[in-house]
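Have a look at the structure below before the remarks.
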Amino acid sequence: MNRFDFTPYRRSMVGFDRLFDLLENQRSAGSGDNYPPFNIERRGDDAYRITVAVAGFKPADIDITAQQNLLVVQGKKGDEAADGQFLHVGIAQRGFERRFELADYVRVENANLEDGLLVIDLVREVPDAMKPKKVPVGTQKTLSMVKDTAKSEAA
């Protein structure tokens, strides 16, 4: 497995420690469980959608928690008694937990469960204070000398 060294970037980029740590942690956690499958799509400049395949789960079985920079999706399957005896079980019945790291200012807009797919819409809302601003370029005005009235009155 190829290991990418972030050391040269860490020396010259200030404040990106969290990003480099996330990249390094994702590489080591990449060999984990792939259940349930999911898609992440970009729907616009500031809109994203996560679709998680949760066949057999009801809305009451799913818990979505949004924290700062973290979205946790958990599925807890209740103990439901089956009417018959299964000869083959191909639909997963186990619980799950999926974690998604979110960028700054990304929030969950809504979540819907339909046809076995959990759809979570995300939106990035950058505060006005953080958005780039145009700075007008003007000419320097001549400075006028202001007389110090206290000194002139004392004389």
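Coordinate-derived values only; no laboratory data. Model, not experiment: these values are computed from the prediction. Don't worry about glycine lacking a Cβ; one is built from the backbone with ideal geometry, like all the others, and counts go over all protein chains shown.
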Net charge near residue 13: determine it from the other residues with C-beta under 15 Å of the C-beta of residue 13, scoring Lys and Arg +1 and Asp and Glu -1. -1
Any aspartates and glutamates whose Cα falls less than 19 Å from that of residue 131, other than same-chain ones fewer than 8 residues away, would be 45, 46, 104
Mind giving me the FRET efficiency for residue 67 and residue 94? R0 is 22 Å, r the Cβ-Cβ distance, nearest 0.05 is fine. 0.35
Directionally averaged projected area (convex hull, Cα atoms, segment 63-144), nm²: 9.7
Sequence-separation-based contact order of segment 35-127, relative, with Cα cut under 8 Å and 6+ spacing, percent: 33
Mind sorting 114, 109 by how few other Cβ atoms lie within 10 Å of their own Cβ, fewest first? 114, 109
Give me the net charge of residue 120's neighbourhood, meaning all other residues with Cβ under 9 Å from the Cβ of residue 120; Lys, Arg count +1, Asp, Glu -1. -1
Quick one: if you stick a label point 7 Å off each Cα along the C-beta vector at residue 21 and residue 107, how many nm between them? 2.5
Fully extended contour minus Cα-Cα distance, from residue 5 to residue 47, at 0.36 nm per residue: 12.0 nm
